[in-house]
1. Any residue at all in segment 110-133 that is at pLDDT 95 or above, crowded, with 20+ Cβ neighbours inside 10 Å, touching a helix residue (DSSP H, G or I) at 6+ places or on another chain (Cβ under 9 Å) and under 30 Å from residue 173 (Cα atoms)?
2. Across segment 288-304, what is the number of residues that are surrounded by fewer than 18 Cβ atoms within 10 Å (Cβ to Cβ) and in contact with a strand residue (DSSP E or B) (Cβ under 6 Å, 6 or more places away or on another chain)?
3. In segment 328-337, how many residues are buried (at least 17 other Cβ atoms within 10 Å of the Cβ) and in contact with a helix residue (DSSP H, G or I) (Cβ under 6 Å, 6 or more places away or on another chain)?
4. For segment 305-327: of the residues being surrounded by fewer than 19 Cβ atoms within 10 Å (Cβ to Cβ) and part of a helix (DSSP H, G or I), which is nearest to the chain's Cα centre (by Cα)?
5. Tell me, which helices (runs of 4 or more DSSP H) lie completely within segment 1-77 with 3 or more residues that are outside the structural domain of residue 100 (by TED's automatic domain parsing), modelled with pLDDT under 85 and out of contact with any strand residue (DSSP E or B) (no Cβ under 9 Å at 6 or more places or on another chain)?
6. Only one of 271, 285 is outside any strand (DSSP E or B) and surrounded by fewer than 15 Cβ atoms within 10 Å (Cβ to Cβ); which?
7. Across segment 346-363, what is the total count of residues that are in a strand (DSSP E or B) and at pLDDT 90 or above?
8. Taking the conditions exactly as written (closer than 30 Å to residue 346 by Cα, modelled with pLDDT of 95 or more and touching a strand residue (DSSP E or B) at 6+ places or on another chain (Cβ under 8 Å)), does residue 223 satisfy them or not?
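The values are calculated or read from the model by the stated rules, or taken from the named source; none is laboratory data. Please read all numbers here as calculations on a predicted model, not as lab measurements. Here the Cβ is made from the backbone with ideal geometry for all residues, glycine too, and neighbour counts use every protein chain on show.
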């Protein structure tokens, strides 16, 4: 497997990983501290875990200055619980680590210090230490909120950055810098010759970016589309000439005019593409549900609905795709475990579309079958 292929696999979140992450979040999201005493720590991939442990031990010393006795004791004890937990790790896991600790006793004056940790399904690129009244879960929630993968490319005539988008989590993959000279020509060069050199360097830069896009995105099965951004003059030149193959070009679902082409450009591209991403999600759900309803009206023997009927069909190996309403989150793990035994796909359907509401109202479970089930 090539390095590029290994990267793609590393950033792919399975249904099982998403469900595990959602359940982890659900387990701790309702805990509340009476003061800023619940501790959240995010360790980015590749960061020295010993440095984190040393920081937490220093924070224990700082916490002795907290005026409230109960808050002081809770923070110090929570930090100690976390330090002891982190010492169990030989090092930072490949995707980083998120750790949470605090006194979660329901009654004031009682003590119930707990610690939780999870290695995220994709690499963490942020470092957080925070004491608050609730755990900091936004980075994990963003990972869990989206199963789709999008490519991101920000480009101008001198630089380009290629990344993957998982929900609102941006994972940089590749950067490239061109040899395009500045607009001021060097002494002794004629203006036409300098212009030719500059134009040639720009073309080589575009070709290189196009090759990188093909390498990263063309054979990525889970890719839902590519978001392209940069100054409009650049993106127009890049798109309207023969740098990109037709197979890559047709994956581009949005082109945005940007002010930046580095990490700030990726963030700007994400912000400007929210309308496109929302439409893509809705379109995907509508296609799946319309297929189900189409079969229900023309070939009812090729579908099933209702919790019991769908589960029975899964166990018979008859289900190609399970459609579960987002309102049935408590059943995700059970259905995912059954579906994984038979290579069955699972799509979670929101209630943001008319079809999604229909699924919810008919019980929340539906299936498109591989073959007819005898009843």
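1. Within segment 110-133 (the criterion being at pLDDT 95 or above, crowded, with 20+ Cβ neighbours inside 10 Å, touching a helix residue (DSSP H, G or I) at 6+ places or on another chain (Cβ under 9 Å) and under 30 Å from residue 173 (Cα atoms)), the answer is no, since none of the residues qualifies.
2. Of all residues in segment 288-304, those surrounded by fewer than 18 Cβ atoms within 10 Å (Cβ to Cβ) come to 290-291, 293-301.
Subsequent filtering for residues that are in contact with a strand residue (DSSP E or B) (Cβ under 6 Å, 6 or more places away or on another chain) retains 295-296.
Qualifying residue count for the region: 2.
3. Of the residues in segment 328-337, the ones buried (at least 17 other Cβ atoms within 10 Å of the Cβ) are 328, 332, 335-336.
Filter once more, keeping what is in contact with a helix residue (DSSP H, G or I) (Cβ under 6 Å, 6 or more places away or on another chain): 332, 336.
Number satisfying all stated conditions: 2.
4. Start the filter on segment 305-327 by keeping residues that are surrounded by fewer than 19 Cβ atoms within 10 Å (Cβ to Cβ), which leaves 305-309, 312, 315-317, 320-321, 326-327.
Applying the additional criterion that residues be part of a helix (DSSP H, G or I) yields 307-309, 312, 315, 326-327.
On the way: 307: 29, 308: 32, 309: 33, 312: 32, 315: 31, 326: 18, 327: 21 Å.
Looking at the filtered set, the residue picked out is 326.
5. Working: elements: 3-10, 15-28, 49-63.
Output list reads 3-10.
6. On the way: 285 fails: surrounded by fewer than 15 Cβ atoms within 10 Å (Cβ to Cβ).
Going through 271, 285 in turn, the sole match is 271.
7. Pass one, segment 346-363, residues in a strand (DSSP E or B): 346-349.
If we keep only those that are at pLDDT 90 or above as well, we get none.
Residues that pass the stated criteria total 0.
8. Details: closer than 30 Å to residue 346 by Cα: yes; modelled with pLDDT of 95 or more: no; touching a strand residue (DSSP E or B) at 6+ places or on another chain (Cβ under 8 Å): yes.
Criteria not met by residue 223.
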